[in-house]
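Engineer: Below is the structure I would like to discuss, written out as structure tokens.
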Amino acid sequence: MQEETLDMLIDAATEASRNSYSPYSSFPVGAAVLTESGRIFSGTNIENASYGATVCAERVAIFKAVSEGETKISALAIFTTAANLAFPCGMCLQVISEFCEDIPVILASDAVVRIYQLSELMPHRFGDAS
Ligand code: THU
């Protein structure tokens, strides 16, 4: 991936984390997806008093893209201020895998950037059962 694209994705994820609605965990997360057509969609975690209704930043970003007609993603960035980078949860990995094959997943904090492949984080996925 080009350096410029990488920076744009991390910036979009960082910016999105500023809108985090996380009064219960106080753990802001921002995510940004690059679609195959070159558009970037960002999202942040949105929590709920019923806890279980919380939606992670990754899924918000992906659902924004899909609801705008973009169903193919080619990279994903996640920003947190955590000292240890935050990996996507299992539910988000399943949702990410619905809309791509193997893509770079960029984990960023203020101090560190690490790039993984989705296949490292999720070597096997549940696919279409039909
Ligand atoms: N969270 C995300 O947004 N993405 C993840 O992959 C893991 C967790 C959010 C959910 C919740 O608002 C907060 O982080 C603490 O779990």
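No value in this document is a laboratory result; all are computed from the given coordinates. Just so it is clear, the structure is predicted and the values come from calculations on it, not from any experiment. When we count neighbours, we look across all protein chains shown, and the Cβ atoms used for this are built from the backbone with ideal geometry, even at glycine.
Engineer: Determine, for Cys92, Cys100, the number of other Cβ atoms within 10 Å of each Cβ, and report the residues in order from fewest to most. Intermediate values should be presented prior to the final figure.
Structural biologist: Details: Cys92 25, Cys100 19.
Result, fewest neighbours first: Cys100, Cys92.
Engineer: A further question on this structure: For the chain, take the convex hull of the Cα atoms, compute a quarter of its surface area, and give me that in nm², please. Spell out each step's value before the answer.
Structural biologist: Values: hull surface 32.9 nm².
Taking a quarter of the hull surface, the average projection is 8.2 nm².
Engineer: Can you tell me which of Ala53, Ala31, Ala65 moves the most in a GNM of the chain? Springs connect C-alpha atoms under 10 Å apart.
Structural biologist: Ala53
Engineer: When DSSP assigns beta bridges and you keep just the ones with both residues in the chain, what percent turn out antiparallel, to the nearest 5?
Structural biologist: On the way: 18 of 23 bridges.
Beta bridges within the chain, antiparallel portion: roughly 80 percent.
Engineer: If you add up the charges near Gly69, with Lys and Arg at +1 and Asp and Glu at -1, over every other residue whose beta carbon is less than 13 angstrom from its beta carbon, what do you get?
Structural biologist: Result for the neighbourhood of Gly69: 0.
Engineer: For the pair Ser130/Ala49, report the inter-label distance in nm, with labels modelled 7 Å from Cα in the Cβ direction.
Structural biologist: 4.0 nm
Engineer: Identify, among Gly127, Ala86, Ser22, the residue whose Cα sits farthest towards the positive end of the charge dipole of the chain, taking +1 on the Cβ of Lys and Arg and -1 on the Cβ of Asp and Glu, with the dipole about the Cα centre.
Structural biologist: Farthest towards the positive end: Ser22.
Engineer: So what J values fall out for region 28-33 if you push phi through Karplus, 6.51 cos²θ - 1.76 cosθ + 1.60 with θ = phi - 60°, rounded to Hz, Gly and Pro as x?
Structural biologist: x, 10, x, 9, 9, 10
Engineer: For Asp11, Asp128, Asp110, what's the fewest-to-most ordering of other Cβ within 10 Å of each Cβ? Show your work: numbers first, answer last.
Structural biologist: Working: Asp11 17, Asp128 5, Asp110 10.
Least crowded to most crowded, the residues run Asp128, Asp110, Asp11.
Engineer: Mean-square fluctuation check for the chain, GNM, Cα pairs under 10 Å: which of Ser20, Ser109, Ser37 is largest?
Structural biologist: Result for the chain, Cα springs under 10 Å: Ser37 fluctuates most.
Engineer: Just to verify a number: FRET efficiency for Tyr116 and Thr71, C-beta to C-beta distance, R0 = 25 Å, to 0.05?
Structural biologist: Working: r = 22 Å, r/R0 = 0.89.
Efficiency for this residue pair is about 0.65.
Engineer: Now for a separate question. Counting other beta carbons within 10 Å of each Cβ, put Leu118, Leu9, Leu93 in order, fewest first. Intermediate values should be presented prior to the final figure.
Structural biologist: On the way: Leu118 21, Leu9 25, Leu93 17.
Arranged by neighbour count, lowest to highest, Leu118, Leu9, Leu93 become Leu93, Leu118, Leu9.
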